[in-house]
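Below is one structure, written out as structure tokens; comments come after it.
No lab work stands behind these numbers, since they all come straight from the coordinates. For clarity, every value in this text was computed on a predicted model and none was experimentally measured. Here Cβ is always computed from backbone atoms with ideal geometry, including for glycine, and neighbour counts include all displayed protein chains.
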Amino acid sequence: MSINFKDYIASVQDFPEPGIIFRDISPLMADGKAYAAATDAIADFARERKVDMIAGPEARGFIVGCPVAYKLGVGFAAARKKGKLPRATVSASYQLEYDTATLYLHKDAIQPGQRVLVCDDLLATGGTIAATIDLVERLGGIVVGTAFIVELTDLHGRDKIKNYDMLALTQYEGA
């Protein structure tokens, strides 16, 4: 069964601020067949790369990565915001449009040599994914690819992760 994933992405005008079109994956998640197809496509991509672990940033990276990890029978490493992880962590900061943000990963979340796929719902400027990759690699993981449901091509996030195999199930350019 071939699915056009764009049929399950809502485009919300002027959210979270005027001039922005928010690409909302909620309709995809609400449809069991579409969600399963997206999970299966990412799992196939991961399987080809012989992954040992999936990693994803808070919070929508969990929505994408956890079902893939479950399907493959591998673990999931959660890159969280400040104050969310109770044990020793490593951190990586990245630039937002008008601010910086920081992600944290437990120091034992990734074992040296583990083959890791980094997943998120959407690739925009690439800062969040680049920070997640940095965390995985500092812990000795080998990032073998990245996967997204949506890529916003005009924001050039791919440039920040150009040295990694990438899967995007859908692409949008411009507003």
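Some values worked out for this structure:
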| read-out | value |
| --- | --- |
| The chain, helix-only ellipticity at 222 nm - DSSP H runs n ≥ 4, -39,500 (n - 2.57), divided by all residues, nearest 500 | -8500 deg cm²/dmol |
| Amide H contacts under 5 Å for ALA77, placed H, 5+ residues apart | ILE54, ALA55, GLY56 |
| Three semi-axes of the equivalent ellipsoid, region 7-58, Cα gyration tensor, whole Å, largest first | 28, 15, 8 |
| Total charge dipole magnitude, the chain, about the Cα centre, Cβ charges on Lys, Arg, Asp, Glu only, Debye to nearest 20 | 740 |
| J(HN,Hα) series, region 153-161, from Karplus relation 6.51 cos²θ - 1.76 cosθ + 1.60, nearest Hz, glycine and proline x | 5, 6, 8, 6, x, 4, 4, 6, 10 |
| Compactness of region 8-172 as Cα Rg over 2.2 N^0.38 Å, two decimals | 0.98 |
| Rounded to 5, percent antiparallel among DSSP beta bridges of region 57-159 | 45 |
| Separation of alpha-carbon centers, region 100-151 and region 13-88, rounded to whole Å | 12 |
| Set of aspartates and glutamates near LYS50 by C-alpha distance (under 18 Å), chain-local residues within fewer than 8 positions excluded | ASP40, GLU137, ASP165 |
